[in-house]
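Scroll down for the structure; my scribbles are underneath it.
Taken together, the values in this text are just the output of simple stated rules run on the coordinates, not laboratory data. Predicted model, so just to flag it, every value in this text is computed and none were measured. Cβ placement follows ideal geometry from the backbone for every residue including glycine, while neighbour counts extend to all protein chains displayed.
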Amino acid sequence: MVSGVYGAGTVRHAFALMVGAVSLLLLLLGTVGLVFVPARAHADECSTLLVSGNPDYPPYLWPDPANPAELIGANAEFIKMVGREIGVKMQVRHEGPWGRVQEEVRRGNIDMIAGAFFTPAREHYMDYLRPAFQGTQTRIWTLDTFPRKIHNWQGLLGLDGVTVIHNSFGPAFDNFADQNLELQEIPSLSQSLRLLTLGRADYLIYEDFPVTAFLARNNITGIMAHPVEISAEDLFITLSRNSPCNTPEMRVRLSSAIRKLVEDGVMKRLLAGNIDLWGGLVN
């Protein structure tokens, strides 16, 4: 019941004024930056960056047998050295298969990738930090008893091939494969090599260092690389466009550190050590 002193209209008017005042106060607080903002909204708050990559990629990256939630390898060591150069901790985590890692980077749930090839599609959701820190070569692998010598890409026509899912070997070969080849994508390199050794695939498309490392570690013989250039691609460190730590200042700091380490020839030493480390691990 409304008292005789204040009518219902007066009360409604007073309430409206109060709501308006509260809204104005919230607007002013937001303007001067006093309302809550998400964590790590500024580069100076980014003391730790979450890094991941392809976990099926020795000697560059693979899960640590002693702690499978972490990734180790040449790329993991390199990105941690980059972090030390700029005073940022790089947490290199095993965040699942390569396809999932790329999706989480796209969403901004992972800050960085320690080793990715350039593709126009990926550039929509992550920045490539230059210079590249490592070069790779992709080859055609078959059993050494394979009856056909492969001298060019057309030599793959009519054959059953395998590669690892969500990989890219440069726009030219990717387009050729999409239009002309029967190239099945397999979840892991070890599974792809198994299909090849069992004769359930005619050839494998993959990079030289990882295949060589897998063959050596598992004492697999009878597989050869054909002298056909599929692609010579560069590996880059990338930064998610949706990471709250992706600022011009952070990109400059990271690129400067990468350039210094590249000029010092760091990756050559890291690769040699991690090929030995991978080969010394037993299943």
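Structural descriptor for the range 141-257: relative contact order 36 percent, calculated from alpha carbon pairs under 8 angstrom and at least 6 residues apart.
Partner lysines whose Cα lies under 17 Å from the Cα of K80, excluding those fewer than 8 positions away in the same chain, are identified as K89, K260, K268. Rounded to the nearest 20, the Cβ-based charge dipole of the range 136-233 about its Cα centre (Lys and Arg +1, Asp and Glu -1) stands at 360 debye. Considering only beta bridges that DSSP places wholly inside the range 136-233, some 60 percent are antiparallel. With 0.36 nm allotted per residue and the present C-alpha distance subtracted, the A232-S190 stretch has 12.9 nm of extension available.
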